[in-house]
1. For the stretch A:470-498, what are the residues that are part of a loop (DSSP other than H, G, I, E, B) and not small (Gly, Ala, Ser)?
2. Is there any pair with a first residue in the stretch A:447-473 that is closer than 18 Å to A:Cys327 by Cα and a second that is among the charged types (D, E, K, R) and at pLDDT 80 or above whose Cβ atoms are under 6 Å apart and which are 6 or more apart or on different chains, and what are they?
3. Tell me yes or no: at least one residue of the stretch A:373-388 is assigned to a helix (DSSP H, G or I) and buried (at least 20 other Cβ atoms within 10 Å of the Cβ).
4. Identify the residue in the stretch A:22-41 that is more than 7 Å from every other protein chain (Cβ to nearest Cβ) and assigned to a helix (DSSP H, G or I) and, among all such residues, is nearest to the chain's Cα centre (by Cα).
5. What's the number of the only condition in (1) in contact with an Asp or Glu (Cβ under 9 Å, 6 or more places away or on another chain); (2) β-branched (Val, Ile, Thr); (3) crowded, with 18+ Cβ neighbours inside 10 Å that A:Ile475 fails to meet?
6. Residues to consider are B:Lys106, B:Lys116; find the one that is among the basic types (Lys, Arg), without any contact (Cβ under 8 Å) to a residue 12 or more places away in the chain, over 25 Å from A:Met95 (Cβ atoms) and assigned to a strand (DSSP E or B).
7. Can you tell me which residue among A:Glu207, A:Glu225, A:Glu190, A:Glu269 is under 30 Å from A:Phe447 (Cβ atoms) and either part of a helix (DSSP H, G or I) or not assigned by TED's automatic domain parsing to the domain that holds A:Gly460 (or both)?
8. Which of the residues that make up the stretch B:42-76 are away from every other protein chain (no Cβ under 11 Å) and part of a helix (DSSP H, G or I)?
Amino acid sequence: MTTSFIPILAVDVLGSVAMVVIALLSLYKAKILRILDPDNAVFLYLLWISTGFTVFAVSRAFGHILKQFLVLSANIETWHAISSYSGSINTVSFMLVGLITIFFNQIWNINVKILSGREKLENTHIELMDLNQTLEQKVIERTERLTSSEHKCRRIFEQSLDTIIVTDSDFKIMEINLAGITLTGYTRDEMIMKKMTAGSFFADPAEWDRIRHKIGSEEYILNEEAEFLRPDNEALLVLITGGIDYGAFGCAKSFHFIIKNVNEKRQMERQIAQADKLAALGELSAGVAHEINNPLGIILGYSQLLLKQAPEHQDDLKIIEKHVQNCKTVVSDLLSFSRKGSPEMSIVDINKVVDGVVKFLSNHSDFRNIEMSLNPYTGDRLNILGNEQELAQVMLNLVINACHAVDGKGKIDITTEKAKDEKILIIVKDNGKGIDKKNLTRIFDPFFTTKPVGQGTGLGLSVGYGIIKRHNGDIRVTSSKENGTVFTISLPADRTAT
Amino acid sequence: MSKKNLSSIRLFLKFISAMMIAGMILLPVDGYATQLHASSEGIITHQVGHLFFLFSMVVLIFTVTGKGLDQQKGWRLIQYSAFFFILWNLDAITAHFFDNQILAVKIENISLTKMKIVTSNNSPLLAWFYYVLKLDHLLCVPAMLFLYKGLSNLVEEQKALTAKKGTQ
């Protein structure tokens, strides 16, 4: 078939030139990509591909153009001589392009890893820069927060109303707060210098041993009740909660204790129980006294009548009359203890009552060797609304009891005070032998006495208790063998009188 | 086995070895260290090269799609380029098959403007088909053009990205 050669020639020559030009332009673009991001492996790969295509285009164009030139210039033999070399170069060039292309997937994966690593590196760099720039500020902020936190903890420790004690692993006191110093009665230096342990405060060492073993085995104790003994021998009831701190940041093991003073609370509970018991006894006494009083009146009446009518039995009848009178006194005292209301109430000056009782008793032979001192309140008059005789009876009983407590030789202090809460206090203090702990809760019970039979009826304090309660007051006692006994009467002040 | 026997065997083996070395030096024969290649290897290698190039372009198309890069215009244009290179390779393989491998077609230049396509079976259809195949630049030039356009697009995108990073 004979046909025009022009189209093939034109496409071959122009196409070859176009291939070279476009390949070079592609190489240029790939080079720009590489410059824009030199670390991008894909752009490096595109540069290789473009280079391969350029080699391919140039070798091919050279071969094609040269072929056409040699064929048209009748040098076909020359072309045959070099065509093998041209073809080989051409083959190698596009195989090179194919080879590079085939590794695109691997190149891409490597690039993803590089980019991911670079991004992480950049982020870390930014964080580091930020940290470096703000490090000083951060240190200041953290220090402030730490100081604030330490200050809060210190405030809680120092200002806690409960005792907080920190001890070492041998229970030696390392730190104690102000409340602890007040509670225990020892100074901080004293505790640390003498290497006192938490067990030093316990009244009973066996109790401390029990608590120590419990915290050792269970690692904590919760609301354990114990009795502390202060240096002034005052006993305090406390609740102890504690635990082990195994330490952090290289700190040694330590123990922490929180101690709550429940002495007043327990005393209050005991007083309430005592008041309840006495109220019940009062009801019982009133009933018994009422039932006995009438038969006693009849016995007394008939015995007195017989005394007039039958003089031959006078001695026997007088014995009957005397003992009936004694019974009536006991019954009268019982009624005084249990009486609900006072029939005659008036304004009474407590100082006057106390002064009268002291003057009356100071002349008594039993008080000859007793140093009795009166410390009356010197401010306003201590007026209350009450019955003067009954109050005098109470005072008389207390002072006589004090006299018995000091065995007729000792010291009795009587003080009157006005408390802040509009209460008037009468304090009777002796330096006698004190009251046994086991008897303290029973001293206001009717017929309870520690005196020998026949020397006391055991109604004095019961009657006094009843009188004070009728005056809306309160009577309390504290006692120890070393310091004697203190009775404190609290009565409401009369506001109308001032 | 005794030591005496062993030394006798060793002596015999040494003698055989010495005789063989002497024979190789004194009586040389032709050695075929390298294999001879037939002239048809050239076209076969060229065709395999085209097939490899075609295969690599197919791999490129699927890899670009697999990585989700075809969402970017630049890579999409590179895919088009690969497609045209596949067509060009098919064209070239077919043309070489006819004129170089089975020698079914031959071109004779009559003048500057005329040529004659001689087919082995005088088929005008094969002649025309071969004539069209010879216009292969109509496939490889667009392929190169798509490659250039693709790279240009990637350059623009990269510049925009760099500018964006610069403003941040």
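The values are calculated or read from the model by the stated rules, or taken from the named source; none is laboratory data. All values derive from a computational prediction rather than experimental measurement. Cβ coordinates were reconstructed from backbone atoms using ideal geometry, including for glycine residues, and neighbour counts include every protein chain displayed.
1. A:His471, A:Asn472, A:Lys481, A:Glu482, A:Asn483, A:Asp494, A:Arg495, A:Thr496, A:Thr498
2. Once the first residue is closer than 18 Å to A:Cys327 by Cα and sits in the stretch A:447-473, its partners that are among the charged types (D, E, K, R) and at pLDDT 80 or above give A:Phe448/A:Arg442.
3. Of the stretch A:373-388, the ones assigned to a helix (DSSP H, G or I) are A:388.
In the following step, the residues that additionally are buried (at least 20 other Cβ atoms within 10 Å of the Cβ) were identified as none.
For the stretch A:373-388, residues assigned to a helix (DSSP H, G or I) and buried (at least 20 other Cβ atoms within 10 Å of the Cβ): absent.
4. Among those that are more than 7 Å from every other protein chain (Cβ to nearest Cβ) and assigned to a helix (DSSP H, G or I), it is A:Ala41.
5. Of the numbered conditions (1) in contact with an Asp or Glu (Cβ under 9 Å, 6 or more places away or on another chain); (2) β-branched (Val, Ile, Thr); (3) crowded, with 18+ Cβ neighbours inside 10 Å, the odd one out for A:Ile475 is (1).
6. On the way: B:Lys106 fails: without any contact (Cβ under 8 Å) to a residue 12 or more places away in the chain.
Step by step, each of B:Lys106, B:Lys116 is checked, and only B:Lys116 is among the basic types (Lys, Arg), without any contact (Cβ under 8 Å) to a residue 12 or more places away in the chain, over 25 Å from A:Met95 (Cβ atoms) and assigned to a strand (DSSP E or B).
7. Working: A:Glu207 fails: under 30 Å from A:Phe447 (Cβ atoms); A:Glu225 fails: under 30 Å from A:Phe447 (Cβ atoms); A:Glu190 fails: under 30 Å from A:Phe447 (Cβ atoms).
Among A:Glu207, A:Glu225, A:Glu190, A:Glu269, only A:Glu269 is under 30 Å from A:Phe447 (Cβ atoms) and either part of a helix (DSSP H, G or I) or not assigned by TED's automatic domain parsing to the domain that holds A:Gly460 (or both).
8. Correct list: B:Thr65, B:Asp70, B:Gln71, B:Lys73, B:Arg76.
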